[in-house]
Amino acid sequence: MTKITPQPGILDIDPYVGGASHVEGISNAVKLSSNENPFGPSEAAKEAFRKAAYELHRYPSTDHASLRAAIAEVHGLDAGRIICGVGSDEILAFLCQAYAGPGDEVIHTEHGFAIYRIGALTNGATPVEVPERERVTDVDAILAACTERTKLVFIANPNNPTGTMIGEGEIARLAEGLPEQTLLVLDGAYAEYVENYDGGAALVEARENVVMTRTFSKLYGLGGLRVGWGYGPAHVIDVLNRIRGPFNLSQAALVTAEAAIRDRAWAEKCREDNTRLRAWLAEALAEHGVPSDTSTANFILARFADRAQAEACDEYLKSQGLIVRRVAGYNLPHCLRITVGDEAACRRVAHAVGQFLGNVA
């Protein structure tokens, strides 16, 4: 038997599995499993990507200055405290690499994004799962779970896969109550879908123990390019930049993301369409007896009677060319996460669920 072994914790990781894209035997299936923007990126972003083809022989910038400046301009932030990465996932990984190791603890909630646990185990730290309250982050439970070994607390706000979120007052209370050695990480992958929500930026600027992350993969429709960013105290961003690879983002990714974030009209249209169709889909499912919590993201967590019914419904939807996401791995075996697609997709999935339940012909 080989004596070549990985670091402790790595073999405890179940590899992350993305949302399915295909159904065997069915062409042109509708993918509602990965929370993608059904309308795609803006025309300005696509044009920037096309032009980038003429500079594929050039190395990209190492400081991402132009993209950071655009992010800072749009969100009213300090460009010097922004870091860009290969999706927000890379920023989350940097945080674990820099601040968590053997003997340390990393807190995440019971229905939190799988990457938090993976990041802890990758670096030899111990992931600590904290209960939620009716699928909503419980600040008191998190504070009760903190110890002198707690280095990072991850919460997604809005949360994936529940779609729920907590208010800014609760987030501030959490930041205030954490041990002095603990960093609060606010994963804002879906923050753009919440009108007038800054993702925690004001709290980041007011404190030294809060970092927020954002992504271009959702509202901006750039999941295929993998671009994300983080905003934090200067001392944290300095640390993360020391471990960030110098060319972690391609030139094509940088210029396309910059064009995307500057096209505010397209972003607003996508947000408004998502809000309208999300409300319609939630109501349509509720009329078929499938409840969901009020979602603040671009998906709905549909709750069924039990695991068997959820899985049977998933199989029926696949037979109809509709791909949604099972979330048993998030301790929600009786649920299906359904991305808010375009109007046609929303109507198809609601009708199919009704057919499955025998509510429509």
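Taking the DSSP beta bridges in the range 43-263 as the whole, what percent of them are antiparallel, to the nearest 5?
Rounded to the nearest five, the antiparallel share is 30 percent.
Tell me, what ³J(HN,Hα) does each residue in the range 313-330 have, in order and in whole Hz, if you take phi through Karplus 6.51 cos²θ - 1.76 cosθ + 1.60 with θ = phi - 60° and put x for Gly and Pro?
5, 4, 5, 5, 4, 4, 5, 9, x, 10, 9, 10, 10, 6, 10, 4, x, 9
Magnitude of the Cβ-charge dipole of the range 184-245, K/R +1 and D/E -1, about the Cα centre, nearest 20 debye? List each step's numbers first, then the result.
Numbers: 6 positive and 7 negative charges, 66 e Å.
Dipole of the range 184-245, to the nearest 20 debye: 320 debye.
Considering the chain, what Rg and Dmax in Å follow from its alpha-carbon atoms?
Final numbers for Rg and Dmax: 20.5, 61 Å.
Would you give the gap between the C-alpha center of the range 47-87 and the C-alpha center of the range 106-164, rounded to a whole Å?
About 30 Å separates the Cα centre of the range 47-87 from the one of the range 106-164.
For T109, enumerate residues with amide H under 5 Å from its amide H, sequence gap 5+ or separate chain, H modeled in the peptide plane.
V130
Taking the Cα centre as origin and putting +1 on Lys and Arg beta-carbons and -1 on Asp and Glu beta-carbons, what dipole magnitude results for the chain, to the nearest 20 debye?
Roughly 960 debye, rounded to the nearest 20.
Can you flag which of K51/K269; K218/K318; K46/K269; K51/K318; K31/K269 are past 28 Å Cα-Cα?
K51/K318
Please compute the length gained on full extension between R264 and E134, using 0.36 nm multiplied by the number of residues separating them and subtracting their Cα-Cα distance. Each step should come with its number before you reach the end.
Numbers: separation 130, 0.36 × 130 = 46.80 nm, distance 3.48 nm.
Extra length from R264 to E134 when fully extended: 43.3 nm.
Provide, as a two-decimal number, the C-alpha radius of gyration of the range 184-226 over 2.2 N^0.38 Å, N being how many residues it has.
On the way: Rg = 11.4 Å, N = 43, 2.2 N^0.38 = 9.2 Å.
It is 1.24.
Suppose only helical runs count, i.e. DSSP H with n ≥ 4. What mean residue ellipticity at 222 nm does that imply for the chain under -39500 (n - 2.57) per run, divided by all residues and rounded to the nearest 500 deg cm²/dmol?
Taken over the chain, the calculation gives -12000 deg cm²/dmol.
Every read-out reported here was derived from the displayed coordinates using simple, explicitly stated rules and does not represent laboratory data. Remember, predicted model here, so these are calculated numbers, not experimental data. Positions of Cβ are generated from backbone atoms using ideal geometry, with glycine treated the same way; all protein chains shown enter the neighbour counts.
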